[in-house]
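Each remark here refers to the structure printed beneath this line.
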Amino acid sequence: MTEYDPLLTTAWDELEKAVIFYRGEPVGTVAARDPQIDALNYDQCFTRDFAVSAAAFLMRGRTDIVRNFLTTLVELQSRDKHLDCFRPGQGLMPASFGVKKQGPAEVLVPDFGEHAIARVAPVDSGLWWLILLRAYTRVLRDVSLAREAEFQHAIRLVLELCLTPRFDMYPTMLVPDGGYMIDRRMGVYGYPFDIQALLFAALSAARELLAEGDPLVDAVTERLGHLTYHLRRYYWLDFQRLNEIYRFRVEEYGSEMVNTFNIYPDSIPDWVMPWVPSEGGYFVGNLGPGRMDFRYFAQGNLLALLTSLASDEQAAAIMDLMEKRWEDLVGSMPLKLCFPALADRDWQTVTGADPKNSPWSYHNGGNWPFLLWLLAGGAIKAGCQELAHRALDIAASRITAQHWPEYYDGRDGRFIGKEARSFQTWSIAGFIAAHEMLAQPQHVELFSYEENPTVVACSLRVADEMAHAR
Ligand code: GLC
């Protein structure tokens with residue numbers, strides 16, 4: 001018996017109540033069960049939200065629901081190639097699905113974004129599906145489900161969607177705004193780090209899942225190497241790098257350039273200089289021509305720890321930052337989704353004056369308990385469990401009494417979010433999964449990846465080529 005047992009019993013109870021059944025089988029979990037607020041689409045199973053439920057279920061050996069979910073997504077994946085852009089592109093997996101009664105029968109109704117607020121399509125669904133499929137095969141120590149022809153085909157379709165060359169020449173994936181957990185306008189279009197870290201995780205999963213000899217394995221390995229180089233080098237920010245950027249020369253042309261993306265030092269926001277500690281660092285939020293978004297986003301940085309996208313030094317530095325900026329990044333409820341909040345004119349232009357994303361609320365600097373599981377995993381991987389225990393204690397002190405809110409507001413996350421739902425499933429599952437991992441750290445292996453020698457060699461080769469080009 002541990003001090004958390006009563007809390008965990010309640011949490012499991014709530015998670016069970018969230019399960020959705022289809023033709024008698026468990027296939028997913030609803031997003032929330034708030035009796036006070038109109039459900040909208042929160043009574044559906046969201047792919048990204050279910051990833052957290054799945055983590056909890058898998059750690060308890062509850063593989064059936066995860067298998068059913070994985071198979072359901074293969075069935076729902078968009079298969080047709082067509083030029084009609086009003087329909088989901090080939091390979092896309094739904095943001096969410098619901099089960100609807102049709103007379104005596106039940107049907108699955110997917111939403112690829114066509115019903116969602118602002119019609120945002122999910123960039124992350126296929127990526128989470130790959131990550132979960134790999135976690136599922138890890139629990140069973142058996143890859144046979146992933147090797148079935150239907151699954152191999154589904155994997156290839158997701159990869160084609162991600163690896164297809166577009167109009168740019170970066171290894172990162174070019175995406176529209178609001179294509180993932182942050183599904184509203186927040187300036188996370190272009191090359192947001194959160195999605196690049198997810199892509200890295202998903203490609204790492206795909207490497208293990210593709211059948212031996214599949215020509216895509218080499219393509220995936222090469223892309224992982226290029227991503228490693230690009231993200232570790234250009235997205236990384238610590239005191240030394242900030243000082244370099246502060247002294248950048250601009251308008252450089254040709255192969256000698258140092259300021260590769262032509263970042264103007266004047267674009268460094270006021271908050272950054274005092275905020276970046278002398279020790280510690282993080283991957284910045286976004287990068288593109290003339291644009292460095294210096295905001296810190298939790299999901300990408302934590303995934304970078306879990307997947308070994310961060311080098312050992314970078315992993316230690318991210319943990320250092322978390323420790324030194326604890327009040328900002330954890331505060332009264334783990335975890336700040338993005339720091340700092342956009343305010344005033346920035347809030348108007350970047351969010352489109354979105355009242356739900358007002359400063360220090362919701363995606364714009366709100367605190368989201370579901371992120372606890374990624375913190376636990378990342379901290380264990382980086383050898384800093386203590387930090388995750390501290391965060392779990394903070395959540396445990398009030399999250400059940402406050403009925404598992406979706407998010408918290410305020411600079412230090414002290415207030416229950418303005419429009420937060422209660423009994424939000426991934427808040428519950430995130431707590432359970434974090435606890436399970438801390439209690440039995442070997443569970444981290446389901447979602448973590450070791451640095452791969454072939455990928456590292458590829459990344460070093462790119463670094464070498466770049467150095468010689470100068
Ligand atoms: C909101 C969140 C999104 C989540 C959904 C269901 O739309 O922004 O990330 O998947 O709610 O919880």
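The values are calculated or read from the model by the stated rules, or taken from the named source; none is laboratory data. For clarity, every value in this text was computed on a predicted model and none was experimentally measured. Cβ sites come from the backbone with ideal geometry, for glycine too, and all protein chains shown count toward neighbours. Side chains are part of the model used for accessible areas, which takes the heavy atoms of the whole protein and leaves out ligands, DNA and RNA. Shrake-Rupley method; radii C 1.70, N 1.55, O 1.52, S 1.80 Å.
Normalising by the residue count of the range 80-183, find the relative contact order in percent from Cα pairs under 8 Å and 6+ residues apart. Don't skip to the answer; put the middle values down first.
On the way: 94 pairs, mean separation 27.1, N = 104.
RCO, the range 80-183: 26 percent.
Full extension of the segment from Glu465 to Arg23, taken as 0.36 nm per residue of separation minus the current Cα-Cα distance, would add 153.5 nm.
Each label point was placed 7 Å from the Cα along the Cα-to-Cβ direction; for Thr10 and Ile268 their separation is 4.7 nm. The accessible surface of the chain, taken with every protein chain in place and a 1.4 Å probe, is 53 percent carbon and sulfur. For Ala343 and Gln385, a Förster radius of 35 Å and the Cβ-Cβ distance give a FRET efficiency of 0.50, rounded to the nearest 0.05. At the residue level, Lys356 shows approximately 30 square angstrom of accessible surface with a 1.4 angstrom probe and all protein chains present. Residue ranking by accessible heavy-atom surface, 1.4 Å probe, largest first, among Met257, Met292 comes out as Met257, Met292.
Ranked by the mean number of other Cβ atoms within 10 Å of their residues, highest first, the peptides 431-442, 299-310 come out as 299-310, 431-442.
In this view, the solvent-accessible surface of Ile37, computed with a 1.4 Å probe and all protein chains in place, comes to about 60 Å².
With the highest mean first, a sort of the peptides 213-221, 81-89 on other beta-carbon atoms found within 10 angstrom per residue produces 213-221, 81-89. Under conditions of 20 °C and 1.002 mPa s, the range 1-149 yields 130 µm² s⁻¹ as its translational diffusion coefficient, taking Rh as the Kirkwood radius over Cα pairs in the Stokes-Einstein equation. Taken one residue at a time, the phi angles of the range 32-38 give Karplus couplings (6.51, -1.76, 1.60, θ = phi - 60°) of 7, 10, 8, x, 8, 10, 3 Hz. Gly and Pro are set to x.
Given that compact globular proteins tend to follow 2.2 N^0.38 Å, what is the ratio of the alpha-carbon Rg of the range 25-102 to that value?
On the way: Rg = 14.3 Å, N = 78, 2.2 N^0.38 = 11.5 Å.
Here the answer is 1.24, to two decimals.
The order of Ser422, Ser278 by accessible area, most exposed first and with a 1.4 Å probe, is Ser278, Ser422. Pairs of lysines 8 or more apart, or on different chains, with alpha carbons under 21 Å: count those in the range 5-469, would you? Eligible lysine pairs with Cα atoms under 21 Å apart amount to 8.
If R0 is 35 Å, what FRET efficiency do you get for Val107 and Arg147 from their C-beta distance, rounded to 0.05? Mind showing how you got there, number by number?
Numbers: r = 29 Å, r/R0 = 0.83.
It comes out at approximately 0.75.
Suppose a student asked you for the relative contact order of the range 5-469, using Cα pairs under 8 Å spaced at least 6 residues apart; what percent would you report?
Working: 837 pairs, mean separation 75.1, N = 465.
Once normalised by length, the contact order is 16 percent.
Averaged per residue, the chain has 42 square angstrom of accessible surface, using a 1.4 angstrom probe with ligands and nucleic acids left out. His82 label point, 7 Å along Cα→Cβ, cut-off 17 Å on backbone N: hits in the range 104-124? Correct set: 110-115. Full extension of the chain segment joining Arg247 with Lys324 gains 25.2 nm, where the gain is 0.36 nm per residue of separation less the Cα-Cα distance. Diffusion coefficient of the range 5-469 by Stokes-Einstein, Kirkwood radius over Cα pairs, 20 °C, 1.002 mPa s: 95 µm²/s.
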